[in-house]
Amino acid sequence: MTKEQYIVGLDVGTHAIRVVQAKLLADGHLNIIGAASVPANGLRKGVIVDIDEAVSSISNCLEKVERMTGIPVIRATISVGGNHIACLDSKGVIAVSRADGEITENDIVRVLDASQAISIPPNREVLHVVPKSFTLDGQTGIKDPLGMTGIRLEVDTIIIHGGLPFIKNLTRAITQAGLEVEDLVLSPLAGAAAVLSKRQKELGVALVDLGAGTTNIAVYEESNLLHTAVIPVGSMHITNDLAIGLRTTIETAEKVKLKYGSASMRGVEGRAEIDLSEFDPEEQSIVTRAQVIEIIEARLEEIFDMLNKELKKINRDGKLPAGIVLTGGGSHLPGVLEFAKDQVRLPASFGELQNISTVIDMVADPSFSCAVGLIIWGDKYNSGGGSTSMFSPVKDMLGKPNLGKLQQWIKSFFP
């Protein structure tokens, strides 16, 4: 009898810790059998600032999902976020090893490893090496060179790296919570795996994950990852602005945002009054809805202005046919879709989960897209005991005998 396989994704966010547990079905599809979310303590802007509090939050979340499914969580694929993340383009070149010139898996590993021969500070760690395209003896645009014949093999890649102290603190908190780290995946890449279709990636699309402490971006075109970035501003900053502007507490500001907040004045009665005593008996102030929306609009304009600057860096501002796809908890804000269309001058839509089955309603929430994407990564690259993570830095693959998933890994980036 085949042993049942379970895959777990753990999204360590600024506002909440989210866990999704899935069962791998016989037909290869994933069925989510458990999900849990708890408030995050000890994190700020996507990074850990208090390990003890973070460990407590992670442990509580794991206990909730274990009680739901009755299956212990031993290992998980973990999200990485924070504005310490950076990416850069790189290139690798090698001579094909075989005398007959046939490209082998070993050649592909070597050329990807060669692309990592770049100068980064010693306090930085490579998280992902993402192949864009290969060139063989001057022939460009090759997606998968395995089995082809040539002498000189080149690859264009994106190197994604992060601050080593932040990554070590994250892995330490995970292990102290009693969990084995299967792999670390950048948050926007995980979210893209959950909500972006192949068609969108081919046409050109930007995933925009509006989180609490940060806004994560991943841009794709012709199925290649073009750019990724973390903007250090999120929906919690809107709450902070409301607390200052309305002269009230953070708790009251959050409640006002959720009940009366909107990204624009369209279709809203701006003169409508809001009695803050509705949320806190000690509050005596009365504000208008127009005041609330004005504060929200100002912060959203800043976020989308920073998004436009990231798109300009790669010359894709206003040039992505599939537009932007919004996800994350901040996308709940009424009117944010129309606001986004106006600000980036592109089509905009909400992210919907792709090819995932579940009866757990909370998983359909946009805030769970990253956690769902993590189980997709876990299924593609870590199934079979997790001995080889094909999306880890290439240096971790060298010397390992199990290279059987290499071709599948490369093809996953292309149609």
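Summary table
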read-out: Enumeration of residues in the stretch 268-283 that are assigned to a helix (DSSP H, G or I) and either without any contact (Cβ under 8 Å) to a residue 12 or more places away in the chain or not hydrophobic (A, V, I, L, M, F, W, C) (or both); value: 277, 278
read-out: Pair list, Cβ under 6 Å, 6 or more apart: the stretch 297-310 residue over 17 Å from residue 268 (Cβ atoms), other residue in a helix (DSSP H, G or I) and of a type in the set (S, T, N, Q); value: 304/343
read-out: Failed condition for residue 70, given (1) of a type in the set (Gly, Ala, Ser); (2) touching a residue at least 12 places away in the same chain (Cβ under 8 Å); (3) closer than 30 Å to residue 358 by Cα; value: (2)
read-out: Qualifying residue in the stretch 225-248 (condition: over 27 Å from residue 310 (Cα atoms), of a type in the set (Asp, Glu) and surrounded by fewer than 19 Cβ atoms within 10 Å (Cβ to Cβ)); value: no
read-out: Selected residue (criterion: surrounded by the fewest Cβ atoms within 10 Å (Cβ to Cβ)) from residues of the stretch 311-331 that are of a type in the set (S, T, N, Q) and within 26 Å of residue 268 (Cα to Cα); value: 331
read-out: Test: residue in the stretch 102-109 that is more than 28 Å from the chain's Cα centre (by Cα), aliphatic (A, V, I, L, M) and on the phi < 0 side of the Ramachandran plot; value: yes
read-out: Condition check for residue 298: more than 30 Å from residue 158 (Cα to Cα), of a type in the set (Gly, Ala, Ser), in the same structural domain as residue 322 (by TED's automatic domain parsing) and modelled with pLDDT of 90 or more; value: yes
read-out: Single unsatisfied condition, residue 34 versus (1) under 21 Å from the mean Cα position of the chain (by Cα); (2) modelled with pLDDT of 95 or more; value: (2)
read-out: Filter result (more than 16 Å from residue 282 (Cα to Cα) and not in a helix (DSSP H, G or I)) within the stretch 230-267; value: 230, 231, 232, 233, 234, 261, 262, 263, 264, 265, 266, 267
read-out: Total residues in the stretch 181-200, condition in contact with a helix residue (DSSP H, G or I) (Cβ under 8 Å, 6 or more places away or on another chain) and charged (D, E, K, R); value: 2
read-out: Only listed residue being at pLDDT 95 or above, over 18 Å from the mean Cα position of the chain (by Cα) and not polar (S, T, N, Q), chosen from 342, 305; value: 305
read-out: For residue 286: the one exception among (1) touching a Pro at 6+ places or on another chain (Cβ under 6 Å); (2) without any contact (Cβ under 8 Å) to a residue 60 or more places away in the chain; value: (1)
read-out: Lone qualifier among 54, 36, 22 - being surrounded by 24 or more Cβ atoms within 10 Å (Cβ to Cβ) and closer than 16 Å to residue 72 by Cα; value: 22
read-out: Candidates 173, 190, 218 - the one that is at pLDDT 90 or above, touching a Pro at 6+ places or on another chain (Cβ under 8 Å), buried (at least 19 other Cβ atoms within 10 Å of the Cβ) and under 23 Å from residue 82 (Cα atoms); value: 218
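Here's the yes/no breakdown for (1) hydrophobic (A, V, I, L, M, F, W, C); (2) under 19 Å from residue 77 (Cα atoms); (3) modelled with pLDDT under 85; (4) surrounded by 19 or more Cβ atoms within 10 Å (Cβ to Cβ):
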residue: 333; (1), (2), (3), (4): yes, no, no, yes
residue: 337; (1), (2), (3), (4): yes, no, no, no
residue: 348; (1), (2), (3), (4): yes, no, no, yes
residue: 368; (1), (2), (3), (4): yes, yes, no, yes
residue: 372; (1), (2), (3), (4): yes, yes, no, yes
residue: 380; (1), (2), (3), (4): no, yes, yes, no
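The values are calculated or read from the model by the stated rules, or taken from the named source; none is laboratory data. Everything numeric here is computed off the predicted structure, so don't read it as measured data. Glycine also receives a Cβ, built like all others from the backbone with ideal geometry; neighbour counts cover every protein chain displayed.
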